[in-house]
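Trainee: Here's a structure for you.
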C-alpha cells in the first residue's frame with residue numbers, strides 16, 4: 001500500500017494482516033479519489049471504519065484541511081498513527097478509537113466528506129448512513145465502499161444517492177445532501 005498522489009505521494013503505508021481488516025485496493029482507491037479530486041482541497045473529512053488510515057491519509061495528501069479517523073481496533077489505531085507520522089500528515093489528523101455508530105451519535109462536528117468503509121461481512125453500512133447523513137455539510141459527500149451485491153436504498157431524509165461505480169465485486173456509492 002502507498003499514497004497515490006499529493007504531498008505524501010508514493011510514501012509506503014503499513015497495514016495489518018488481520019482477517020478483520022480488508023484494505024481498499026489501489027484500483028478502487030484511485031477511482032474513488034479521481035471521482036472527488038476537485039472536491040477535497042480545504043475540506044474536513046471523516047474516515048469512518050478507518051482501519052490503518054489509507055483513505056483519510058490519501059485525502060490529507062491531496063489537500064484536505066483535516067481528517068478525523070475513527071476505528072475500534074487498537075491494533076489498527078497504532079498502525080494508523082505510524083502511517084500519519086511516516087507521511088508527515090499527523091498535524092491535520094485526529095485519531096479516535098471508538099465504535100463508528102457511537103462516534104456518530106456523540107459528535108457534534110460536521111464534515112464535508114464522509115468515507116464509510118465498514119467490514120463487508122457485517123451489516124453496518126445502512127446504520128452508519130442513517131447517522132452520517134446528519135453530520136454532513138450542505139455541499140457534502142458521503143462515499144461508501146461496499147460489496148456490489150449490497151443494495152443501498154435511497155430513502156434517507158437528508159441525503160440522496162447520486163452515482164454508483166462498480167469495480168469487480170466492489171461498489172462505490174456516492175451520496176449528496178438533498179439541500
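The values are calculated or read from the model by the stated rules, or taken from the named source; none is laboratory data. This is a predicted model, so every value here is computed, not measured. With ideal geometry, Cβ positions are generated from the backbone for all residues, glycine too; neighbour counts draw on all protein chains shown.
Trainee: Considering segment 99-120 alone, what residues qualify as being out of contact with any helix residue (DSSP H, G or I) (no Cβ under 8 Å at 6 or more places or on another chain), farther than 16 Å from residue 51 by Cα and in a loop (DSSP other than H, G, I, E, B)?
Mentor: Passing the criteria: only 108.
Trainee: Just to be sure before I move on: is residue 134 within 25 Å of residue 106 (Cβ to Cβ) and buried (at least 18 other Cβ atoms within 10 Å of the Cβ) in the structure I sent?
Mentor: Criteria not met by residue 134.
Trainee: Give segment 132-147 a look and list any residue that's more than 28 Å from residue 23 (Cβ to Cβ) and either in a strand (DSSP E or B) or at pLDDT below 95 (or both), or say none.
Mentor: 138, 139, listed by residue number.
Trainee: Go through (1) surrounded by 22 or more Cβ atoms within 10 Å (Cβ to Cβ); (2) in contact with a helix residue (DSSP H, G or I) (Cβ under 6 Å, 6 or more places away or on another chain) and name the single condition residue 66 misses.
Mentor: For residue 66, the exception is condition (1).
Trainee: Filter segment 169-179 down to the residues that are in a strand (DSSP E or B) and farther than 14 Å from residue 112 by Cα and list them by number.
Mentor: 170, 171, 172, 173
Trainee: Now for a separate question. For the list (1) surrounded by fewer than 13 Cβ atoms within 10 Å (Cβ to Cβ); (2) without any contact (Cβ under 8 Å) to a residue 24 or more places away in the chain, I need the number of the one condition that residue 139 fails.
Mentor: Single failed check for residue 139: (2).
Trainee: Ok, one more. Would you confirm whether or not segment 77-91 contains a residue that is surrounded by fewer than 24 Cβ atoms within 10 Å (Cβ to Cβ), at pLDDT below 95, within 20 Å of residue 15 (Cβ to Cβ) and touching a strand residue (DSSP E or B) at 6+ places or on another chain (Cβ under 8 Å)?
Mentor: yes
Trainee: Okay, moving on. Looking only at segment 148-168, which residues are in contact with a strand residue (DSSP E or B) (Cβ under 7 Å, 6 or more places away or on another chain) and either in a strand (DSSP E or B) or in contact (Cβ under 8 Å) with a residue 60 or more places away in the chain (or both)?
Mentor: If the condition is that a residue be in contact with a strand residue (DSSP E or B) (Cβ under 7 Å, 6 or more places away or on another chain) and either in a strand (DSSP E or B) or in contact (Cβ under 8 Å) with a residue 60 or more places away in the chain (or both), then 159, 160, 161, 162, 163, 164, 165 are the ones that fit.
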